[in-house]
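One structure below.
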Amino acid sequence: MPVEEKTKPPLSDLINAIESGASVADAKGLQVSSKAFLTILIHRLLQKKILILLPSSKIAEPFYNDLIFFSNNLKPFNDKTASDEIFYFPHWETVPYEKSSPYAEISSKRLLVLDSLLNNRAGIVLITPESLLQKFMSKNELKEKFLNIEAGMEIQKEKLLENLLLCGYQDKDIVEEKGDFSSRGCIVDVFTSLIKNPLRIEFFGDEIVSIREFDLYSQKSTNRLKQVKILPAREVFYNPYSSETIVEEFKKYFFDLKDKGESYERILNYLDGKMYFPGIENFNPLFFKNLESFFEYISDDTLIISEEPAQVKEKTDEFYKEICAQWEILKKEGYPSFHPTGLYISPDDIEKSLKKYQQVFFDFLSDTENSKEKSFFSFDIKTISFLGFEGGVDRLKSCLHQIKKFSENNCKVYFVCSNEGYGKRLQKIFREYDAEVVFNPENRIKVDFSEIADFSVPEILTGKISGGFEFESAGLVIISEEEIFGKKITRRFRRSFDSSIFISDFGDISSGDLLVHIDYGVGKFQGIKKFRIDGIEKDFLAIEYLNSEFLYVPVENLNLVQKYIGVQGFVPKLDHLAGKGWERIKEKAKESIRRMAKKLLGIYAKRKVADGYAFSKDDNWMSEFESTFEYEETPHQLRAIEDVKKDMESSKPMDRLICGDVGYGKTEVALRASFKAANESKQVAVLVPTTILAQQHYQTFANRFSPFPIRVEVLSRFCSARKEKEIIEDLKNGKVDIVIGTHRLLSDDIEFKDIGLVIIDEEQRFGVKHKEKLKKFRNEVDVLTLTATPIPRTLQLSLMGIRDMSIIDTPPEDRQPIKTIVTSFNKELIVQAIKREMERGGQIYFVHNRVYSIHGIERLLKNLVTEARIGVAHGQMKKSFLEDVMIRFIKKEYDILLCTSIIESGLDIPAVNTIIINRADRFGLSDLYQLRGRVGRDGHVAYAYLLIPPKAVLTDDSKKRLRVIEELSGLGSGFKIAAHDLEIRGAGNILGEEQSGQILAIGFDLYCKMIEETINEMQDLSTEDKRTRCVINSKIEAYIPENFVEDSRQRITIYKKLSEIGHIVNLEEFKEEIRDRFGDLPEALNALFKISSLRILGNEAMVSKIDVSSKEIRITFSISFKMSPDILIKIISERENHIKFLSENSLVIRNLKDINQLIDFTIKFMEEIIKRRKPEV
């Protein structure tokens, strides 16, 4: 079919002009997603490769998403080819010459695009000036770094490891992010950019026997692959054959700097040692023979589309000026840095290169300069706007009038909804107004208008676009759901990292760390010691106590040892091995726990017998409300929602705690609970600790409930006296369904007609008087409490059965790790950081924790970044002024919030992605951890700058603390200490402050275990539910050989996990996991797993001790063991050749061929005991 029949002018005119070879075509009047629509048409009709130049990433990202939508939804042009993929080439998100490297995920995406260009897979690529100005390794050098591997391939493992190093991968103990690899025995793990999950490559000799994807968090293998391509891990990497050349070239180029400071020597040492250091990418010319521009990677017949070319040129010039200015600064400082021409091409070079290609300009208003060189095409495209209306229904009234006009002009109308739920809601509202809208069965936009049978009925497509448009001459109208229901932010989620690593992980333990032995108390860890006893080699955990006394704990008994976890700054005394002090401390803690548990059990029991309102099961309205949720629910979120619904449908009053960080989805749980209540004409009160949070919650609730006949109000100081009086009166009369407010809602003048649900956000931040009022609610109505303070998994498990909790710990998938930079106070760096964030449309926190000098910092920032709008906030301001500043910051009226450490922990401000903390050395680790957590919430790489004075003026203590602070850039021990601190605060919030002292005395892990034991005792669990503590004394070789798991920290982690497994099924799963990660188990490790089986079965069979030797196994039953003598004698008589009683509570098993048969026989014997043992009377 000719192009003219498929499209109408000016579309056909533009496409024909490109096809006929017009050098520059200028398309005027394009709006929002119509640019992507037109780009896909050009690409599909003319089969042309396209490079799109955009002024900024802020514009590039929605353009990219629009391209994806139209690529999938245009008919008849929806059949993709191999070279039809769409890519966005991101920039580094670093300042030119910054002494910081790009995040690995960004480099991976860039390399993936370059690979796709080389292999003809890229149909459309989007790029911004920051990337277009850069030089890259040549195509040939990149091709040389590709590794193609497949199952059955012959390659030495050492050769593969050498190739990975050549490609810039880093050797790590455990693979954690893209660019890592790890080698263990016959296994190589590698995290490459082409595949979402890391790879596990298993060898047998020199043959690759399998390639498997594995889960980053569980470390378990999932999908098998036949073959895979491994791309380089970074954009600069060492070549071992030219490392000397790199050093010599550095010396030669920077000869003038060799005697001018430490920077030269430091970088020289890095290069000489083949180390990757922050900012190594700025030394690219040392690593590659040739550097090429991006234009070298695209074909000569590529069509280049410039989105607002004047803006692209302006941004290009600005960025190049910044490059040159940064180089001048470093030159003055004497810091080694290549001239801009070594790393970048110039704007003039770009202009010259562009003239070699056919170009299309997307101009809102066309530039008439050089008009002789251009062909102009004017598009009659308009944006869709139903502004001036607050609710979804009102927008639709306006929309219905417009649709009639569209159909009269023979325009086909499509609604684009992000999911089917929004589409069904749209259908229902249309029917209420006697109008029709139907789902498009193919989910395709028909560009061939002869196929359209009915222009009058709008159709619904599922997908996501940045905005709709009216294209009259093409007979097409597209309306996005935002234009009906209002603007939304889409966020994806990823699996959570197991929070229990913060509590029980031994992998980061080092010599001198404190441990707690359940029988001997607090001591210092002094490493794993190997001893040979009676010819048997074994591993022991060495713990040093007071007066240099040592306890050596066999690794099979590590379940008796916990890491001591207290709060920052508190160091407990070491215990005496032979003393009685530890027992007294334990008993005191136990008594305190008993009192606390009794109180909690009493409250729980009282609530269970109280009468409350039982809500009905979900109806269609609830389904419709849930379907309008724009995100995909996470598993933890769904579980929390189901927990809440189940509680509300019960006749007993709900009292449930929902725990999850900001942005994890707690609010959606509260919204659904509120809808369930309001849907049955029950009123809802939402209590928050501050006016700012009240306003933020109000906006969220009002937006979600706008399409429904549910009235939401907010009581705060922003209400006028008249409005406040009206709300209070309407609450009393039942005219307000949901009210959001601070402690004002607890005032005596507030009355509800029929309240059914109270939601409390961050209850610990309310005062004692207010908490007492809240207690009254708990016995009468359903109460849902939300908190962002982390609750340790260990404590969650311990409190099961006496406190209803739901934990949401699944973070957004697009949340990036936060780049943490510890540096001296530097004006240029501050300017760089602020300008970079403002250029990408973000906001900045600048934390200065001294009120008396905060306005001096304000003047400094105004002088440094004159265009920045700065708001100042601190705790000594009037509350009303402080709240005004925060509200204005949320509304983006300020670019920078200069503040003390009062940043609201509950606020969700996704636009803030840079935080600068002045005098970071004065903050504690947990404070830094919390402050840093305020950024990194919208999918962009976030930055945390920790500014310190020159190290020369720091005390020795400060220097030591800074070494720990630097660990905050990853999941180092400093990060975990901070997490522990917060978790213990969370424990205090739930259990009460009295318990904090007990936690410090015995350590958090042991404290949680004692809670669990106490609750079990008080609930009088049956013998079948009780377990003893079985101690193993082994005289066989059962350990992890060092040549099997070389890293000592990993060995300790495996020992610890093995000692804590409580069920045989879990033990078998863990055994398979170790085999999967490290290869076939050696004999000594197999023996250790068998010993662990004995311990687990011994616990269940009420055995207190098992002595294992190569000839016999002795079993000692606990005093709690009860079993019918007749049954026991029968079991033993069936095995009389191998079992004999030694006393009334002990027996021996012997006369078997070898140790393996001996242990297997004992396992079967204990399984029989467990199976036939009668419960305790």
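No lab work stands behind these numbers, since they all come straight from the coordinates. Worth saying up front: this structure is predicted, and the values here are computed from it rather than measured. Positions of Cβ are backbone-derived with ideal geometry, glycine not excepted, and every protein chain shown enters the neighbour counts.
Can you list the aspartates and glutamates whose alpha carbon sits under 18 Å from that of K753, skipping same-chain ones fewer than 8 residues off? Counting by Cα, and skipping residues close in sequence, K753 has these aspartates and glutamates nearby: E680, E713, E724, E726, E729, D730, D737, E780, D782.
For F550, the residues 5 or more places off, or on other chains, whose built amide H falls under 5 Å of its own are Y545.
Once the Cα-Cα distance is subtracted from the 0.36 nm per residue extended length, the K530 to S1048 segment shows a gain of 185.2 nm.
The phi-based Karplus calculation (6.51 cos²θ - 1.76 cosθ + 1.60; θ = phi - 60°) puts the 3J(HN,Hα) values of the range 244-250 at 5, 5, 4, 5, 5, 5, 4 Hz, whole numbers, x for Gly and Pro.
Under 18 Å of direct C-alpha separation, and excluding same-chain neighbours fewer than eight residues apart, K598 reaches these aspartates and glutamates: E587, D655, D804, E993, E994, E1012, E1013, E1017, D1020.
Amide H to amide H, with H built 1.01 Å from N, N290 comes under 5 Å of S138, counting only residues 5 or more places away or on other chains. Spin-label model, Y217 to R1029: label points 7 Å out along the Cα-to-beta-carbon direction sit 3.2 nm apart. Legend: distances between Cα atoms for K529/K1105; K28/K178; K428/K735; pairs beyond 32 Å are K28/K178.
Taking the three principal axes of the alpha carbon atoms in the range 997-1152, the coordinate ranges are 50, 47, 25 Å, sorted in descending order. Is there a pair in K588/K1071; K196/K321; K229/K666; K58/K226; K35/K891 whose C-alpha atoms are over 31 Å apart, and which pairs would that be? As for pairs spanning more than 31 Å Cα to Cα, those are K588/K1071; K196/K321; K229/K666; K58/K226.
At a Förster distance of 25 Å, what's the computed FRET efficiency of K274 paired with E144, Cβ-Cβ distance as r, to 0.05? Please report the intermediate quantities before stating the final value.
Numbers: r = 18 Å, r/R0 = 0.74.
Once the sixth-power term is evaluated, E becomes 0.85.
Less than 5 angstrom separates the built amide H of D180 from those of Q170, F191, all sequence-distant by 5 or more or on a different chain. Please find the FRET efficiency linking Y433 to E19, where r is the Cβ-Cβ separation and R0 is fixed at 45 Å, and quote it to the nearest 0.05. For Y433 and E19, the calculated efficiency is 0.50.
How large is the Rg to Rh ratio of the range 217-335 when both quantities use alpha carbon positions and Rh follows Kirkwood? Ratio value, two decimals: 1.08.
Phi-derived couplings, Karplus 6.51 cos²θ - 1.76 cosθ + 1.60 at θ = phi - 60°, listed residue by residue for the range 885-898: 4, 5, 4, 5, 5, 4, 7, 6, 7, 10, 8, 10, 9, 8 Hz, with x used for Gly and Pro. Hey, which of these cross-link pairs are over 24 Å Cα-Cα: K1111/K1171; K109/K139; K289/K332; K135/K356; K315/K355; K382/K464? Violating the 24 Å limit, Cα to Cα: K1111/K1171; K289/K332. Each label point was placed 7 Å from the Cα along the Cα-to-Cβ direction; for D173 and S1110 their separation is 3.3 nm. Quick one: work out Rg over Rh on the C-alpha atoms of the range 250-304, Rh as Kirkwood radius. Computed over Cα atoms, the ratio is 1.18.
Ranked by Cβ crowding within 10 angstrom, fewest neighbours first, how are Y604, Y357, Y64 ordered? Provide the component values of the computation, followed by the final result.
Numbers: Y604 14, Y357 17, Y64 21.
Ordered from fewest to most neighbouring Cβ atoms within 10 Å, Y604, Y357, Y64 come out as Y604, Y357, Y64.
Rg over Rh for the range 139-287 works out to 1.05, using Cα positions for both radii and the Kirkwood form for Rh. Computed from phi, the 3J(HN,Hα) profile of the range 206-213 under the Karplus parametrisation 6.51, -1.76, 1.60 (θ = phi - 60°) reads 9, 10, 7, 8, 7, 10, 10, 6 Hz, with x in place of Gly and Pro.
Using mean Cβ contacts within 10 Å as the protection proxy, how do 1103-1115, 1124-1136, 467-479, 270-282 order, highest first?
Numbers: 1103-1115: 18.8, 1124-1136: 12.0, 467-479: 21.7, 270-282: 16.7.
So the peptides 1103-1115, 1124-1136, 467-479, 270-282, ranked by packing, come out 467-479, 1103-1115, 270-282, 1124-1136.
With the simple model of a label 7 Å out from the Cα in the direction of the Cβ, K646 to C324 spans 6.8 nm.
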